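Participant: Can you read through this structure? Questions will come right after.
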Amino acid sequence: MIKDVNGGYWGLAIILSAFMIQFLAFGTGLSIGLYNIELLAITGDDAFSVSLVAAINTGCFLGSGPLASLLMNYVSHRTIVLIGAGLSSASILCVPFLPNIGYMYALWGVGAGLGFCFVYVPSHVMSGLYYNKHTSLATGVATAGSGLGMTVFPMIVGYLIDVYTWRGSLIIVAGLMLNLFVFGLLLRPLPRYKKRAEDETMLENIEQKSNHDNEKREKRFRHFFVFCVFEFDVFFVSNILWNMGLNMVVTFGPDFILTSLGVTSIEAAYVLTVLGLCTFVGSLVTGFLGNFRWINRIFLYVLVCLLSGIGVICFPLAKTYVTMVMLHVVVGLGFGGILGLLIVLTSDLLGPENLGDGVGYLMLSNGMGCFAGPPIAGLLKDSFEIYDVSLYTAGALVLASGVIMVLVPLKTKLTGSAIYSKDTEEEIAQGS
């Protein structure tokens, strides 16, 4: 376990790097709804086929977390980020030259999605490792980059599409993605003196084993330890649910606003900008509140999930542009609150020793939800010819993601056991 890590000046550079990486990755990924408007015209309004582009992209973006987590055991965080930077920028650059939407599944979906994952996971984990005392605030600030990306990129992408068409805009976006190389290079590994406590702990563990074949068994097991923790299993399912719901909104929200309110593409982009800005604010607020000992982080997580879910359910009821904007304020604050708590709650549930593995599998749950959500929304839209049913379903899923987390404090109260216990991990490892 890493002790007494306070970040220092270089820790601020790590937070800046993680912030900007999320700004670029999430900003690009979550602007795909604006491109869906163009793709729907190309495919003859086939919502299901178009939904697969976003589903595969975000599914790979978030679902490849375990792969990124596993690679971090063998190569540096910085190396993985640089690989992801090259993969994402090259994939997006190729998209404008593809002949049909089928090829987009491979490049825009798998290539760019996997690249985004490789830049996101290592940078986010490092933002938590560099700070021990203020982990919640540090990760909250880093996560706020995703909200700012959602704020700025819809306006940028909407303008670029309007001026250069959707194909020309993607070439420019690919150029912006090259900045991931710059921020990836800032991810300096933890200095040796800050690793000393971790190294000493590893030596003690080795001495307690009868032979070297037995440290290996524990190391292999620790990667799967996360699923032996009931609380994390509940958190895993919760993340699947809210990702299904909110990704339905991100994917088809702009087209819904266009068709239901009769606004322009730029006006629809402004609504996404409001969503992103409030996500940015929500991440900072929950990151700040999570540092106070008297704040129950699980209760706070449940609260923001309920806030987002209620807001989404009310989308079809909005009859004016102003009402729609206000609802996006509510959803954005809740969405940002969820994002700002993910890392610190993972640490709470699993312990800081398992943060890397926990984040990897948490990304898998996010990817599963993101992959399942848009196709379901597309099928519902094709079946009912309106988005209302899709949005009601999305809101119900987000509400359920909050309600299910009540099982965590309920189990703690019934059993009287702590949420995370190092002894529990060791007992399971020995029993395996």
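Yes or no, residue by residue, for (1) within 27 Å of residue 297 (Cβ to Cβ); (2) at pLDDT below 90; (3) among the charged types (D, E, K, R):
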residue	(1), (2), (3)
327	yes, no, no
334	yes, no, no
367	yes, yes, no
392	no, no, no
421	yes, yes, no
427	yes, yes, yes
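Participant: Another one. Taking the condition in a helix (DSSP H, G or I) and either closer than 19 Å to residue 268 by Cα or charged (D, E, K, R) (or both), does residue 337 pass?
Facilitator: no
Participant: Exactly one of these conditions fails for residue 163: (1) under 30 Å from residue 345 (Cβ atoms); (2) surrounded by fewer than 23 Cβ atoms within 10 Å (Cβ to Cβ); (3) aliphatic (A, V, I, L, M). Give me its number.
Facilitator: (1)
Participant: So, residue 386, is that one outside any helix (DSSP H, G or I) and surrounded by fewer than 19 Cβ atoms within 10 Å (Cβ to Cβ) or not?
Facilitator: Yes.
Participant: Just checking, which of 343, 310, 376 is buried (at least 24 other Cβ atoms within 10 Å of the Cβ), touching a residue at least 60 places away in the same chain (Cβ under 8 Å) and part of a helix (DSSP H, G or I)?
Facilitator: Residue meeting the stated conditions: 343.
Participant: Restricting to the stretch 346-365, what's the tally of residues that are assigned to a helix (DSSP H, G or I) and either among the aliphatic types (A, V, I, L, M) or at pLDDT below 80 (or both)?
Facilitator: Summing the residues that are assigned to a helix (DSSP H, G or I) and either among the aliphatic types (A, V, I, L, M) or at pLDDT below 80 (or both) in the stretch 346-365 gives 13.
Participant: Further question on the same structure: Quick one: which helices (runs of 4 or more DSSP H) sit completely within the stretch 19-121 and have at least 3 residues that are over 22 Å from residue 362 (Cβ atoms) and among the hydrophobic types (A, V, I, L, M, F, W, C)?
Facilitator: Correct list: 32-42, 47-63, 77-94.
The values are calculated or read from the model by the stated rules, or taken from the named source; none is laboratory data. Note that the coordinates shown come from a computational prediction; the quantities given were computed from them, not determined experimentally. No Cβ is skipped: glycine too gets one built from the backbone with ideal geometry, and neighbour counts run over all protein chains shown.
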